Amino acid sequence: MRSWFMTDEKKTEIIRDQVRRILEELPPEVTLIAAAKGRTAEEINVAVQSGVAIIGENYVSEAKQIYQQLSKRKTEKRIQWHFIGVLGKAKHDVLRQKNLRMFDMIETVDSFELAEAISEQCGKIGKTMPILIEVNSGEEPQKAGILPEQVEQLVLDIADLSNVRLMGLMTMGPRFGDPENSRPYFIKTKKLYERIKSLDLENVEMNYLSMGMTNSYKIAIEEGANMVRIGTKIFGERKA
Ligand SMILES: *Cc1c(COP(=O)(O)O)cnc(C)c1O
């Protein structure tokens, strides 16, 4: 655990080193998302300055605050914002037009109703929102995401919507101390991804497979992830 008495300078150095190290080791086809929940604009800015191009946000209120603070700074780089939180609770916030303008991708769509609502609202602002379907690959009752066997029907339904564009799948998988235990769930999600890709549907591009976090991303990449969402390894342990 990184301690609270660390100086800002030390913290900056650690974030910078961690981002560089991760970016160096990731295969070129794998995109890094900095999972930024609970982090300050300062911390996130260091990550961005060190090479992070996509920020993953779980909460709309946090995203808005950070977005505003980072937009004020002069950077040549355009940062992208992905919503990676539970949509069930945040639905009304996410669906506000100015929030839909802020997000470049919503990774956690798990029902037709949500996709339809996003499409409808995006239609009003002339935007087509890139989305991923979140798969509950562990089939855990309390978890967000759609069950694996229901994914294909959802894909077919979403393909008809005019203002969302399905671009891939996302999964969390069950949490394990030993990330090796996550492997079967990553394999299962990758199979689904390939299956949907093979359908070659209009208005569906299977380009992104977002899976793997700090303790599991290496295994996720071995099993085909091309987007990883990393928080702790970049920013340190979250304060409880
Ligand atoms: C917090 C979070 C992550 C990153 O988790 P770490 O273990 O801190 O790397 C990834 N994905 C989602 C959806 C998260 O909420």
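The values are calculated or read from the model by the stated rules, or taken from the named source; none is laboratory data. This one's a predicted model, so the numbers in the text were calculated from it and none came from an experiment. We place every Cβ from the backbone using ideal geometry, glycine too, and count neighbours over all the protein chains shown. Only protein heavy atoms, including side chains, enter the accessible area calculation; ligands, DNA and RNA are left aside. Shrake-Rupley method; radii C 1.70, N 1.55, O 1.52, S 1.80 Å.
Within the set G173, G168, the sole residue that is modelled with pLDDT of 95 or more and open to solvent by less than 60 Å² (accessible area, probe 1.4 Å) turns out to be G168. Every test in (1) surrounded by fewer than 21 Cβ atoms within 10 Å (Cβ to Cβ); (2) more than 16 Å from the ligand (Cβ to nearest atom) is passed by L192 save one, and that test is (1).
Counting only residues that are open to solvent by 70 Å² or more (accessible area, probe 1.4 Å) and free of Cβ contacts under 8 Å to residues at least 40 places away in the same chain, how many does the range 58-96 have? First the steps, then the outcome.
Quick first cut of the range 58-96, residues open to solvent by 70 Å² or more (accessible area, probe 1.4 Å) only: 59, 61, 65, 67-68, 71-74, 76-78, 80, 86, 89, 91-92, 96.
Then drop every residue that is not free of Cβ contacts under 8 Å to residues at least 40 places away in the same chain, which leaves 59, 61, 65, 67-68, 71-74, 76-78, 80, 89, 91-92, 96.
So the answer is 17.
Is it the case that some residue within the range 106-119 is of a type in the set (F, W, Y), crowded, with 22+ Cβ neighbours inside 10 Å and either touching a Gly at 6+ places or on another chain (Cβ under 9 Å) or on the phi < 0 side of the Ramachandran plot (or both)? Looking through the range 106-119, none of the residues is of a type in the set (F, W, Y), crowded, with 22+ Cβ neighbours inside 10 Å and either touching a Gly at 6+ places or on another chain (Cβ under 9 Å) or on the phi < 0 side of the Ramachandran plot (or both).
Among the residues making up the range 199-224, a single one is out of contact with any helix residue (DSSP H, G or I) (no Cβ under 7 Å at 6 or more places or on another chain), in a loop (DSSP other than H, G, I, E, B) and within 14 Å of the ligand (Cβ to nearest atom): M213. Being out of contact with any Lys or Arg (no Cβ under 8 Å at 6 or more places or on another chain), open to solvent by 30 Å² or more (accessible area, probe 1.4 Å) and either touching a residue at least 12 places away in the same chain (Cβ under 8 Å) or among the hydroxyl-bearing types (S, T, Y) (or both), is that true of even one residue in the range 135-143? Checked against the condition, which is being out of contact with any Lys or Arg (no Cβ under 8 Å at 6 or more places or on another chain), open to solvent by 30 Å² or more (accessible area, probe 1.4 Å) and either touching a residue at least 12 places away in the same chain (Cβ under 8 Å) or among the hydroxyl-bearing types (S, T, Y) (or both), the range 135-143 yields at least one hit. The set of residues in the range 4-32 that are within 17 Å of R238 (Cα to Cα), aliphatic (A, V, I, L, M) and in contact (Cβ under 8 Å) with a residue 24 or more places away in the chain comprises I14, I15, V19.
Yes or no, residue by residue, for (1) within 18 Å of E222 (Cα to Cα); (2) not charged (D, E, K, R):
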position: E120; (1), (2): no, no
position: I133; (1), (2): no, yes
position: P141; (1), (2): no, yes
position: I146; (1), (2): no, yes
position: V151; (1), (2): no, yes
position: D157; (1), (2): no, no
position: L161; (1), (2): no, yes
position: R165; (1), (2): no, no
position: N181; (1), (2): yes, yes
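Number of residues in the range 72-93 that are at pLDDT below 95 and either in contact with a Gly (Cβ under 6 Å, 6 or more places away or on another chain) or in a helix (DSSP H, G or I) (or both) equals 8.
The rows are residues; the columns are (1) among the aliphatic types (A, V, I, L, M); (2) over 15 Å from A36 (Cα atoms); (3) in contact with a Pro (Cβ under 9 Å, 6 or more places away or on another chain).
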| site | (1), (2), (3) |
| --- | --- |
| I79 | yes, no, no |
| S111 | no, yes, no |
| A115 | yes, yes, no |
| Q121 | no, yes, no |
| I131 | yes, yes, no |
| A144 | yes, yes, no |
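For the range 230-240, filtered to residues that are open to solvent by 10 Å² or more (accessible area, probe 1.4 Å) and modelled with pLDDT of 95 or more, the residue that is farthest from the ligand (Cβ to nearest atom) is F235. Within the range 33-59, can you find the residues that are touching a Gly at 6+ places or on another chain (Cβ under 8 Å) and either away from the ligand (no atom under 16 Å from the Cβ) or of a type in the set (A, V, I, L, M) (or both)? Across the range 33-59, the qualifying residues are I33, A34, A35, A36.
For every residue, the table says whether it meets (1) open to solvent by 30 Å² or more (accessible area, probe 1.4 Å); (2) at pLDDT below 95.
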site	(1), (2)
F5	yes, yes
V30	no, no
A53	yes, no
G56	no, no
